Every structure is written in structure tokens, then in C-alpha cells.
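In what follows, a single structure is set out as C-alpha cells and then discussed.
The values are calculated or read from the model by the stated rules, or taken from the named source; none is laboratory data. None of the values given here were measured: they were computed from a predicted structure. As a convention, Cβ positions derive from the backbone with ideal geometry for all residues, glycine included, and neighbour counts pool all protein chains shown. Side chains included, ligands, DNA and RNA excluded: accessible areas come from the protein's heavy atoms. Shrake-Rupley method; radii C 1.70, N 1.55, O 1.52, S 1.80 Å.
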Amino acid sequence: MASCAPCLASCPVRGRRSNGSGAGDRRQRRPSRHRVAAAAAASPSSPPSSSGGGVVSGWDLSGAPSGLVLSLARELEVSWMTLPNLRDAPCAPELKSVDATAPDGDPATRIRIENLCLQTDVFRKMHLEVAWGLGGLEVLHCVMYPWPDVPCPIFAADLVAFNGRVTLGIADASPVAPDLALPDAYVEVSASLRAQMLALCAVIEPRPLPEWGLAILSPAACVCVGPPKEDAEYQHQAVAFSGYARGLHAAHLDLAAAAAVAASVPADEGASQYGFGPGARLAAQVQFCEKQLLNDKTRRVLERSMGSELARRYMTEVLFDVTVETPLRPDERL
């Protein structure tokens with residue numbers, strides 16, 4: 001997922017960064033053989049506002065291909081705009097909106113990436129990415145990191161398509177407990193949604209998980225599918241999976257909000273909390289990011305179009321940015 005499954009890939013599923021003000025860094029960053037441009041920050045179809053009371057930056061999806069990837073992204077965006085105290089999360093402009101091409105100018109290497117990076121009092125970072133290009137690739141990537149003070153898992157999902165045909169879908173409530181357990185409510189919701197998915201499409205082609213994913217993905221909630229070519233015309237499997245991802249996301253919004261309220265109430269002495277406290281949950285989020293960063297395929301795809309330095313920054317600052325220095329709660333944010 002650049003989350004459970006890799007972003008910008010067709011297979012299944014740190015510390016502060018330096019600004020590098022020296023002359024050597026300036027040489028590395030020159031328009032540098034890689035053609036990289038910051039695209040427009042907002043689109044008329046995605047205004048910089050929300051009904052939750054905040055004002056947030058938009059994104060430009062005007063060039064994105066229509067289909068399941070774009071429609072799911074729009075649905076998630078609309079649901080986020082209703083959240084209370086919604087605001088922008090930090091994101092460098094050159095990483096928020098990217099238009100990049102490989103040094104040889106091959107149009108098949110051009111990639112467009114648009115990101116929403118938001119936060120609330122429940123979620124430290126709500127990241128929604130839509131990418132397209134590379135000869136027909138379409139990607140939706142979503143990760144919602146709760147503040148470590150909130151006792152709930154990480155929502156993560158990816159939908160990958162080539163020329164409109166979905167080839168990979170993965171969604172999970174990634175645990176922040178050492179034994180990969182989830183709160184009972186998540187297990188129940190996941191089981192119900194899985195049954196609904198199978199009712200819509202009785203045959204779902206599973207996709208094997210990468211070895212690094214086994215340490216961070218939920219045995220109870222993770223669904224990873226790889227619809228075959230035969231599914232291309234009607235995309236029954238892809239549509240059924242999208243329903244699972246949409247439902248798990250909606251449940252996560254409600255369950256995380258309830259967990260945040262419960263965490264604010266003093267608990268009885270000796271009462272345990274999911275994830276064993278903010279410090280342990282932060283450590284679990286760090287591990288989630290460290291394992292995701294082992295995905296070399298995503299890195300190689302990005303490096304070809306963006307160059308190694310910008311690709312590194314994108315992966316560690318936008319996709320998987322949790323470190324031991326990440327604030328535990330909103331009042332600690334920088």
C-alpha cells in the first residue's frame with residue numbers, strides 16, 4: 001500500500017531530511033536531466049475548501065483517466081471533506097504535485113502524481129495519491145496514519161490499473177499491536193464486508209503478499225486481489241474489491257473517531273488500551289513505514305522518471321514518513 005501493496009507497481013501487495021544547502025546539493029538538483037515540474041496545485045473540480053470547517057488545498061486531476069481508480073479517489077476525497085477540523089498536513093510543493101519524465105525524454109516514462117495530504121485531530125496524516133502515465137498506468141494509493149495517541153490501526157489501500165483494467169487491489173486496517181491483532185470492531189466489520197464482497201463476486205482471485213508485508217498486514221482485515229484478464233470487460237472482481245475498500249475506509253473513519261473520544265477519557269487503573277500506549281503505537285507505525293520502504297520496485301519506477309533524490313524524498317516524506325520523532329498528538333505538532 002504505497003501502502004499494503006506497492007505504489008506505482010503491478011505486483012502485490014529515518015530521521016529528519018536535510019535541505020542540502022551546499023553547492024554539491026545544488027548541482028544534484030539542477031533541472032537535472034530528469035524533467036520534473038511542479039504541476040498546478042488545484043483544479044476547478046477540486047476546490048480548496050471543506051464542509052468540516054477548515055480550508056484545505058486542492059489537487060489537479062483534470063488529466064487523470066476516468067475509471068475505477070479516479071472514481072474511488074473522488075469518493076474518498078468527498079468523505080474527507082466532511083471531517084471536523086480538517087486542515088493541510090505538511091507537504092513540500094515539489095512533492096505534492098509532480099510531472100516528471102526520464103532523461104531521454106521518452107513519453108512512455110512521463111508520470112503525473114497528485115496528492116492530498118490532510119490532517120485532523122484524529123489523523124496525523126491522511127494521504128491520498130492518484131498517479132497516471134508510464135504508458136497506461138493508473139494508481140490510487142491511500143494511507144491514513146492516526147496520531148499515535150489514538151488507539152486504532154492504520155488504514156491503507158491501493159488500486160492499480162493498466163489502461164483501465166484493474167490488476168491489483170489491496171486494502172487493510174494495518175495493526176499497531178505487536179501480535180498483529182485488531183480491535184474486535186475492526187474484525188467484525190472486515191468479516192461482514194468480506195462476505196458482501198463475495199456476495200457480489202463469488203470468485204475473487206487472491207494476490208500473494210510480499211514477504212515484508214507479512215510483518216505489518218492484518219491476517220483478519222487485509223484483502224489483496226489480482227483480477228485476471230478475463231475480468232477486464234465487466235471488472236466484477238475489481239468492483240467487488242472497491243466495495244470492500246470503500247466500506248473498510250468508512251468504518252475506519254467512524255471507529256477511529258470513537259477511539260479518539262474513548263482515549264480522551266481517563267481509564268480505570270490497570271485498564272489496557274489497544275496498541276499498548278502511544279509510544280508502542282508510534283513504534284508500530286515506524287515499522288509499517290520501514291517495511292514499506294523495502295519495496296524496491298516502487299523505488300525503481302519512481303527513480304526512472306523523477307531521479308533518485310526526488311524519488312527518495314517522495315517515498316520518505318510523502319508516502320511513508322513516520323519516524324521516532326513523529327509527534328504523538330496534535331498539540332505536539334511542529
Starting from the Cα-Cα distance between residue 185 and residue 198, subtract it from 0.36 nm times their residue separation and give me the gain in nm to one decimal. 2.7 nm
Could you calculate, for the stretch 140-277, the ratio of the Cα radius of gyration to the Kirkwood radius, expressed as Rg to Rh? 1.02
Packing-based order for 182-191, 115-124, 196-205, using average beta carbon neighbours within 10 Å, highest first: 115-124, 182-191, 196-205
If you count only protein heavy atoms with a 1.4 Å probe, what accessible area per residue comes out for the stretch 149-291, rounded to a whole Å²? 45 Å²
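Excluding residue 238 itself, calculate the net charge of residues whose Cβ lies under 14 Å from the Cβ of residue 238, where each Lys or Arg counts +1 and each Asp or Glu counts -1. Mind dumping the intermediate values first?
Working: positive: 165, 207, 229, 246; negative: 138, 158, 205, 230, 231, 233.
Charge balance near residue 238 sits at -2.
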Tell me, what ³J(HN,Hα) does each residue in the stretch 77-92 have, in order and in whole Hz, if you take phi through Karplus 6.51 cos²θ - 1.76 cosθ + 1.60 with θ = phi - 60° and put x for Gly and Pro? 4, 4, 5, 5, 5, 8, 6, x, 6, 6, 8, 5, 8, x, 7, 4
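Probe radius 1.4 Å, ligands and nucleic acids ignored: give me the carbon and sulfur share of the accessible area of the stretch 99-252 as a rounded percent.
C and S atoms contribute 57 percent here.
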For the pairs 96/291; 125/291; 125/229, note any where the Cα-Cα span goes beyond 26 Å. 125/229
Of 144, 189, 167, which is farthest on the positive side of the dipole of the stretch 133-209, counting Cα position, with +1 on Lys and Arg Cβ, -1 on Asp and Glu Cβ, and the Cα centre as origin? 167
Work out Dmax and Rg for the stretch 232-334 from the C-alpha atoms and quote the Rg first, both in angstrom. 18.6, 58
Using a simple charge model, +1 on the beta-carbon of Lys and Arg, -1 on the beta-carbon of Asp and Glu, nothing else, what dipole does the stretch 168-232 show about its Cα centre, in debye to the nearest 20? 120 debye
P(r) for the stretch 213-263: what percent of alpha-carbon pairs falls in each 10 Å bin, starting at zero? 20, 35, 31, 10, 3
